[in-house]
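Below you'll find the structure, written out as structure tokens, and then a few comments.
Bear in mind these aren't lab numbers, they're just calculated from the coordinates by the rules spelled out. Source: prediction; values computed, not measured. Here the Cβ positions follow ideal geometry from the backbone for every residue, glycine too, while neighbour counts run over all protein chains shown.
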Ligand code: AKB
């Protein structure tokens with residue numbers, strides 16, 4: 001991307017947006033990355049470059065913003081995650097689908113050139129392979145969120161095939177970050193647990209101790225996103241969404257990793273509705289196709305991620 005081109009990030013106040021905006025600004029210049037959301041983002045995002053209030057469902061305003069800032073690339077992050085989507089299926093469908101549709105339509109009309117849209121491991125369901133779940137397999141998601149993400153993937157692929165839209169996507173696992181807490185997901189426990197440990201308080205986990213899920217440290221996820229967006233067009237042969245893999249662990253394994261830093265930290269378990277969503281997802285992911293197409297490789301494992309989270313959260 002040349003430094004005169006502008007990037008629009010929609011959903012900049014969320015967990016991914018809080019890190020992605022800063023990484024994009026570092027790479028492409030503060031003023032070339034327009035952060036937008038329906039709510040105010042973390043201070044670092046707000047003060048380091050342009051921020052505008054934007055609801056992705058307001059197609060006219062999205063269009064106006066794209067024109068005003070001469071936007072070439074859109075990162076569309078606004079979405080309802082698994083737990084909140086289940087509480088409000090209609091709104092989740094509207095936001096997760098029509099938001100994407102608005103952006104895909106602008107690209108099909110040639111108004112924007114490139115789109116990033118996040119999918120999730122939630123596209124898989126109980127009939128998908130549970131261990132090393134491959135890129136291509138049966139997908140029968142049983143969550144509202146998973147249904148919307150799988151449908152979105154199909155729309156991305158359709159707009160690419162029919163209109164040549166350059167849309168790129170990743171099936172994120174649970175993301176672990178220190179800048180901003182996640183909201184409304186099933187994998188959020190893996191962030192909340194660190195905050196409790198640092199506060200020297202016990203943690204009550206809403207998943208069972210042996211619930212293994214695919215996870216990733218945010219630095220890896222941001223690098224994957226930017227590497228995918230910068231890869232040569234001809235190498236991107238999957239236009240639905242790419243599997244990427246980082247770490248997989250259970251709440252008990254994460255707890256034990258944290259106790260190497262906080263020996264007195266205590267956990268107990270009170271599984272709730274989110275257990276069923278977690279049980280429907282794979283335990284680990286095969287990402288050999290992403291490795292082959294655009295050289296993806298994760299860096300952080302459970303030990304290095306835990307040490308880094310604690311170090312970062314301790315910093316004032
Ligand atoms: C969630 O838990 O809903 C998300 C996801 C796996 O996409 N973190």
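Observations
- Degrees, to the nearest 10: 302-314 long Cα axis against longest axis of the chain: 80 degrees
- Unit Cα scatterers, Debye sum, the chain: log10 I(q)/I(0) for q = 0.09, 0.11, 0.16 Å⁻¹: -0.43, -0.65, -1.42
- On Cα atoms only, tilt of 189-198 relative to the major axis of the chain in degrees: 60 degrees
- Helix-only CD estimate at 222 nm, as mean residue ellipticity for the chain, using -39500 (n - 2.57) per DSSP H run (n ≥ 4): -12000 deg cm²/dmol
- Antiparallel DSSP beta bridges within segment 1-82, percent to nearest 5: 0 percent
- The distance linking segment 238-316 with segment 1-74 is 27 Å (Cα centroid to Cα centroid, whole angstrom).
- A crude spin-label estimate for the pair residue 113 and residue 268, with each label 7 Å from Cα along the Cβ direction, gives 5.8 nm.
- Relative packing of peptides 289-300, 67-78 - highest average C-beta neighbours within 10 Å first: 67-78, 289-300
- For segment 201-230 versus segment 160-179, the gap between their alpha-carbon centres in whole angstrom: 15 Å
- Taking other C-beta atoms within 10 Å as the exposure proxy, 301, 264 rank 264, 301 from fewest upward.
- Antiparallel bridge percentage (DSSP; both residues within the chain; nearest 5): 10 percent
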